[in-house]
Amino acid sequence: MTFSINYCEHAIVGNYFQPLNSISNIFYILAAVLLYYFYKKSKIKDAKSKIFLSLIVLIGVCSFLFHLYKNQATFFFDVLPIGIFFISYVYFLIVNISENKKAGLYWTIIFLLIMGFGFIITKSISENNLINEAQGYILTLLFFAGVIAYTYAKRISISKKLTIIFILFLLALIFRQIDLLLCNYIKTGTHFIWHLLSSITMYYSIKVLYK
């Protein structure tokens, strides 16, 4: 089976090892460490805090393994904790905004339906690999934009912080997607910047849930 996801760094160091893309996953571990000290300082010990701390560590470790040795198995375990992170964050964010667990569950189901239908529609109408390969992130951004619009409409104080998260994640995604486009100019590519910015986004987004 042909594995189609490629990165600039492959052109330099071969098929199975990307030093910068691998090592830059340390940013997720650093984000987890900072989050741990934030929890400790704020005396936070709820289940939500443990879930997100574990997920950030898993994202860093699984992404490291994927960039160390790229195949179908490591790819699956690379995207799995990211998907769980998104689903968990949607649930806890909606609960935070609405103060209603049923609303959190309801909108998480809607999010999953949007993702599912979005994948089907995008695959059927687009042959652009840059779009298809990032469709999960794009759909998440669009859903998040809707949540932000709602918070502004209802004048909920969290709106400005969510806007910052949206901008950070958008920038991270841009650097992720332009990686192959800039190979002729930046030999290492820009995927490592995705690791940096997305780890910052995750750290800040979790802190927002407690502010």
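Scan segment 30-53 residue by residue and report those that are hydroxyl-bearing (Ser, Thr, Tyr) and surrounded by fewer than 14 Cβ atoms within 10 Å (Cβ to Cβ).
Tyr37, Ser42, listed by residue number.
Pick from Ile26, Ile5: which is at pLDDT 95 or above, more than 23 Å from Leu93 (Cα to Cα) and in contact with a helix residue (DSSP H, G or I) (Cβ under 8 Å, 6 or more places away or on another chain)? Even if it seems obvious, please write down each step before you answer.
Numbers: Ile5 fails: at pLDDT 95 or above.
None of the other options fit; the residue is Ile26.
Do we find that Val90 is out of contact with any Pro (no Cβ under 7 Å at 6 or more places or on another chain) and closer than 18 Å to Phe144 by Cβ in this structure?
yes
Can you spot a residue in segment 111-125 that is modelled with pLDDT of 95 or more and surrounded by fewer than 17 Cβ atoms within 10 Å (Cβ to Cβ)?
Yes, segment 111-125 contains a residue that is modelled with pLDDT of 95 or more and surrounded by fewer than 17 Cβ atoms within 10 Å (Cβ to Cβ).
Would you check if there is a residue in segment 85-96 being of a type in the set (S, T, N, Q), under 20 Å from Ile193 (Cα atoms) and either surrounded by 15 or more Cβ atoms within 10 Å (Cβ to Cβ) or modelled with pLDDT of 95 or more (or both)?
no
Run Lys187 past the list (1) among the basic types (Lys, Arg); (2) modelled with pLDDT of 95 or more; (3) more than 21 Å from Lys207 (Cα to Cα) and report the number of the one that doesn't hold.
Among (1) among the basic types (Lys, Arg); (2) modelled with pLDDT of 95 or more; (3) more than 21 Å from Lys207 (Cα to Cα), Lys187 violates only (2).
Which numbered condition trips up Ser98, out of (1) hydroxyl-bearing (Ser, Thr, Tyr); (2) over 20 Å from Gly189 (Cα atoms); (3) in contact with a Gly (Cβ under 9 Å, 6 or more places away or on another chain); (4) touching a residue at least 60 places away in the same chain (Cβ under 8 Å)?
Just one mismatch for Ser98, condition (4).
Please find, among Ile12, Ile56, the residue that is part of a helix (DSSP H, G or I), modelled with pLDDT under 95 and among the aliphatic types (A, V, I, L, M).
Ile12
Only one of Ile186, Ile164, Ile200, Ile156 is surrounded by 17 or more Cβ atoms within 10 Å (Cβ to Cβ) and either on the phi > 0 side of the Ramachandran plot or out of contact with any Ser or Thr (no Cβ under 7 Å at 6 or more places or on another chain) (or both); which?
Values: Ile186 fails: surrounded by 17 or more Cβ atoms within 10 Å (Cβ to Cβ); Ile164 fails: surrounded by 17 or more Cβ atoms within 10 Å (Cβ to Cβ); Ile156 fails: surrounded by 17 or more Cβ atoms within 10 Å (Cβ to Cβ).
Going through Ile186, Ile164, Ile200, Ile156 in turn, just one is surrounded by 17 or more Cβ atoms within 10 Å (Cβ to Cβ) and either on the phi > 0 side of the Ramachandran plot or out of contact with any Ser or Thr (no Cβ under 7 Å at 6 or more places or on another chain) (or both): Ile200.
What pairs come out if I take residues in segment 63-82 that are touching a residue at least 24 places away in the same chain (Cβ under 8 Å) and on the phi < 0 side of the Ramachandran plot and pair them with residues that are surrounded by 20 or more Cβ atoms within 10 Å (Cβ to Cβ) and not in a helix (DSSP H, G or I) whose C-beta lies under 7 Å away, six or more apart or interchain?
Qualifying pairs under 7 Å: Ser63/Asn25; Phe64/Asn25; His67/Gln18.
With respect to Phe169, determine if the residue is hydrophobic (A, V, I, L, M, F, W, C), out of contact with any Cys (no Cβ under 7 Å at 6 or more places or on another chain) and more than 30 Å from Ser98 (Cα to Cα).
Answer is no for this residue.
Do we find a residue being touching a Gly at 6+ places or on another chain (Cβ under 7 Å), within 28 Å of Phe92 (Cα to Cα) and not aliphatic (A, V, I, L, M) anywhere in segment 40-61?
No, because not a single residue in segment 40-61 is touching a Gly at 6+ places or on another chain (Cβ under 7 Å), within 28 Å of Phe92 (Cα to Cα) and not aliphatic (A, V, I, L, M).
Does Tyr91 satisfy the condition of being part of a helix (DSSP H, G or I) and either acidic (Asp, Glu) or over 22 Å from Gly136 (Cβ atoms) (or both)?
Numbers: part of a helix (DSSP H, G or I): yes; either acidic (Asp, Glu) or over 22 Å from Gly136 (Cβ atoms) (or both): no.
Against the criterion (part of a helix (DSSP H, G or I) and either acidic (Asp, Glu) or over 22 Å from Gly136 (Cβ atoms) (or both)), Tyr91 does not qualify.
For segment 135-211, give me every one of the helices (runs of 4 or more DSSP H) that falls completely inside it and has 2 or more residues that are touching a residue at least 24 places away in the same chain (Cβ under 8 Å) and basic (Lys, Arg). Spell out the reasoning first.
Numbers: elements: 135-153, 159-177, 191-208.
Hits in segment 135-211: 159-177.
The values are calculated or read from the model by the stated rules, or taken from the named source; none is laboratory data. Fair warning: this is a prediction, and the values are worked out from it, not measured in the lab. Positions of Cβ are generated from backbone atoms using ideal geometry, with glycine treated the same way; all protein chains shown enter the neighbour counts.
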